[in-house]
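Working notes, structure below.
The values are calculated or read from the model by the stated rules, or taken from the named source; none is laboratory data. All figures in this text were calculated on a predicted structure; none of them were measured in a lab. When we count neighbours, we look across all protein chains shown, and the Cβ atoms used for this are built from the backbone with ideal geometry, even at glycine.
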Amino acid sequence: MSTLDEPAVARPLPAPRPSATRARRSRPRLPYLLILPALAVSLAVIGFPLIRVIVLSFQQWGVAQIFSDAGPPFVGLKNYTRILSDPVFWTVVVRTLVLTVVMVGLSMGVGVGLALLMERVHGWVRGVMTFSLIMAWAVPTFVSTQIFAWMTEQNFGILNYVLGLGQHNWYTDAKQGLAVATLIVVWGAVPFITVTTYAALTQVPAELVEAARLDGAGGRQVFFGITLPSIRPVLVIVTALSVIWDFSVFNQIYILRNGAPSPDYQTLAIYAYMQAYQGHEYGYASAVAVVTVLLLLVVSVFYLRQLIKTGEAE
C-alpha cells in the first residue's frame, strides 16, 4: 500500500483560550485591596484641601468675611478675571518660568555630569562622591539656606571676603538675590539627580557598549547612540519632578528674605502666600493657587505622554 493510502491521523485540537472577559475576571484583586488604604489617605490629605481651595477661589473671603456670620459670598469668576487683568501676576509668572528653566537646566546639567563622572571613577573615589552627595541631600532646606545666607552676609560673609567685594549686599539687587536662591535649589537637587542618573547608567547593557567600541564608535557616539536612549526614561522622570519642585520654590527665597520678600523676589507660590496672609485676600490667593496647579498639570501631562511614548517604543 502506498503512502497515499495511509489513514490520516487525527490531531488533537488546541484547547480554547480563555476569553478576554474571563482573563480580566481572573486577575487577582489583592493588589487593588492593598492600594486602597494609601489611596484613601491620599484623597483625605490632598483631596479635601484641593476642593476647599477651588471653592474659595470662587468666593470673596477677606477679614470682613472671617468675622461675619453671613459667610463669604460667591463671586463667580471675578477672582480669575482679576488674575487675567493683573500685570503684577503676569510679571510673577514670567519670573517663575525663567527661574524654573534656569534651576532645572543647572540641576540637570550638573547632576548628569556628576553621574557620568561617577561612572568613570572607581574604588574609594566613587564611595567618597556617593557619601558626599547623600550627606548634602540629607541637609534640611532650612539649614542649607541659612548656611548660604551666612556665606553671603554683608558684613561677615566669607563670599565677600574671598571675592574681595568688601561689604557687598547680595540682596539689594533682586537678580543677585535670586541667583543665590538658585544656587541653593541646585545644591539641594543635584544629589538626587546624580544618584538617580548613576543608577540608570549602571543598567546600560555593557555588551552594547563593547560592541559599539569594537565597531569603532567614539565616546560621543556611544553616549548619544546607546547611553542616552537607555537612560532617557529616567531623565524624563527626573526632569519632570525637577520642574514641579522648582516651579513651586518657596522656602529658599522666603528664608533668605527673612519672611518678607519684596515684590521683585516673589514667585507664584510666594505671591499666593503673600496675598493670603499679608493682604488677607484668601479668595484671590486661592485662585492664584488653582492657576498654579493647572500650570503644573500641563507639565504632568507632558511627563505622562513621554512615559507612554517610551513604553510604546520599548
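Odds and ends about this structure:
- Top-ranked residue in the stretch 193-210 [being at pLDDT below 85, in a helix (DSSP H, G or I) and aliphatic (A, V, I, L, M); ranked as surrounded by the fewest Cβ atoms within 10 Å (Cβ to Cβ)]: 206
- Among the residues of the stretch 49-74, the ones that are assigned to a loop (DSSP other than H, G, I, E, B), surrounded by fewer than 16 Cβ atoms within 10 Å (Cβ to Cβ) and at pLDDT 85 or above come to 0 in all.
- Residues that are of a type in the set (Phe, Trp, Tyr) and closer than 17 Å to residue 237 by Cα within the stretch 193-227 comprise just one, 198.
- Among the conditions (1) in contact with a helix residue (DSSP H, G or I) (Cβ under 8 Å, 6 or more places away or on another chain); (2) part of a helix (DSSP H, G or I); (3) not small (Gly, Ala, Ser), residue 241 misses just one, which is (1).
- Residues of the stretch 214-230 that turn out to be assigned to a loop (DSSP other than H, G, I, E, B) and of a type outside the set (D, E, K, R), as a count: 3
- Flag for residue 113 being surrounded by fewer than 16 Cβ atoms within 10 Å (Cβ to Cβ), free of Cβ contacts under 8 Å to residues at least 24 places away in the same chain and not in a helix (DSSP H, G or I): no
- Test: residue in the stretch 160-175 that is without any contact (Cβ under 8 Å) to a residue 12 or more places away in the chain and small (Gly, Ala, Ser): yes
- Within the stretch 222-249, residues that are farther than 28 Å from residue 96 by Cα have Cβ atoms under 9 Å from residues that are of a type in the set (Ser, Thr, Tyr) in these pairs: 231/197, counting only partners at least 6 apart in sequence or on another chain.
- Set 288, 299, 249, 293: member being of a type in the set (A, V, I, L, M, F, W, C), loosely packed, with under 15 Cβ neighbours inside 10 Å and under 20 Å from the mean Cα position of the chain (by Cα): 293
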